[in-house]
Amino acid sequence: MIRLIAWKELRGLFGAPSTWLILGALQFILAWAYLGRLDAFLQVQSQLALVANAPGASEAVVPGLFRDTLGVIVMLVTPLFTMRLLAEERRNQTLVLLLSAPISNARIVLGKFAGLIAFLWLLILWCGAMAATLRLGTPMDLGLLLSNTLGMLLLAASYAALGLYISSLTTQPVVAAVAALATLSGLWLIESSAPDGYRLWHALAPTGHFRNFNSGLLDSGDVAYFVLFCAFFLALTIRRLDDSRSYG
């Protein structure tokens, strides 16, 4: 049943013309950023050849592409898709029909979550495939690319879980989108502006745990954080639907 709900959400996303417009715009932005970083590296390549242990194309292109471009894109677009998962269904009175079906709330939430992250992961994997084209002209650090891709997959999942919970709190999709974007932006701003000595802020924000992935390091603690972050907000969403089902 989780797979059927996920497939329904995924098919609904790709069935909307606005989704294709957003995807087209995002691919243009990603390609522009990728080529811009590659061009900047090529312009200074002759100077880097004189420097010992100079960064290669992978170090010059991949971390910045994932952190500064793809990371911001995922943070901005996730609320646009999470707002329709529950808030729009509640507004259209279709959530009542879904809750009246003999399906557990956990399966409903997990199905919607799986459908959304499958969509987001397609975007991330496409960006990874774009960055992998560096192998056509230069030796590439595949470990750095894979760590950034994995980190971004986990980061997108955490954004989706948080956005899904906020979507369950209101009947207005626009309110859900604005609230999710404000929350994600607030976490990002607090973490990015906090001094290095304030480890608490870096430990609480998802972007703080993406840093190790971005630099090519795989830390089991960061993976555990993302898993617990997603589980926490998915559990809150399930609890919210339990309340809705109990009180009608």
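Descriptive notes on the structure:
- Coupling constants for the range 108-123 follow from the phi torsions by the Karplus curve (6.51 cos²θ - 1.76 cosθ + 1.60, θ = phi - 60°), and in residue order they are 4, 5, 5, x, 5, 5, 5, x, 5, 5, 4, 5, 5, 5, 4, 5 Hz; glycine and proline get x.
- Gaussian network model of the chain, springs between alpha carbon atoms under 10 Å - residue of Ala182, Ala101, Ala157 with greatest fluctuation: Ala101
- Here the Karplus curve 6.51 cos²θ - 1.76 cosθ + 1.60, taken at θ = phi - 60°, turns the phi angles of the range 7-19 into couplings of 5, 4, 5, 5, 5, x, 5, 6, x, 8, x, 4, 5 Hz, with x standing for Gly and Pro.
- Selection from Ser158, Ala16, Leu204, by position along the positive dipole direction of the chain (Cβ): Ala16
- Comparing Ala114, Ala60, Ala176 in a Gaussian network model of the chain (Cα springs below 10 Å), the most mobile by mean-square fluctuation is Ala60.
- Of Lys8, Lys112, the sequence from fewest to most neighbouring Cβ atoms within 10 angstrom is Lys8, Lys112.
- Cα-Cα P(r), the chain, percent of pairs per 5 Å interval: 1, 6, 13, 17, 17, 15, 12, 8, 5, 3, 2, 1, 0, 0, 0
- Among 228-235, 65-72, 186-193, sorting by the average number of other beta carbon atoms lying within 10 angstrom of each residue, highest first, gives 65-72, 228-235, 186-193.
- Here the residues Ser168, Ser185, ranked from fewest to most Cβ neighbours within 10 Å of their Cβ, fall in the order Ser185, Ser168.
- Here the 3J(HN,Hα) profile of the range 128-145, calculated from phi with Karplus coefficients 6.51, -1.76 and 1.60 at θ = phi - 60°, is x, 5, 5, 5, 5, 5, 4, 5, 5, x, 7, x, 10, 8, 5, x, 5, 5 Hz, Gly and Pro shown as x.
- Each Lys and Arg contributes +1 and each Asp and Glu -1, all at the Cβ; summed about the Cα centre of the range 2-247, the dipole is approximately 760 debye.
Throughout, read-outs are computed from the coordinates displayed, never taken from laboratory work. Only a predicted model underlies this, so the values are computations on that prediction, with no experimental measurement involved. Neighbour counts run over all protein chains shown; Cβ positions are idealised from the backbone, glycine included.
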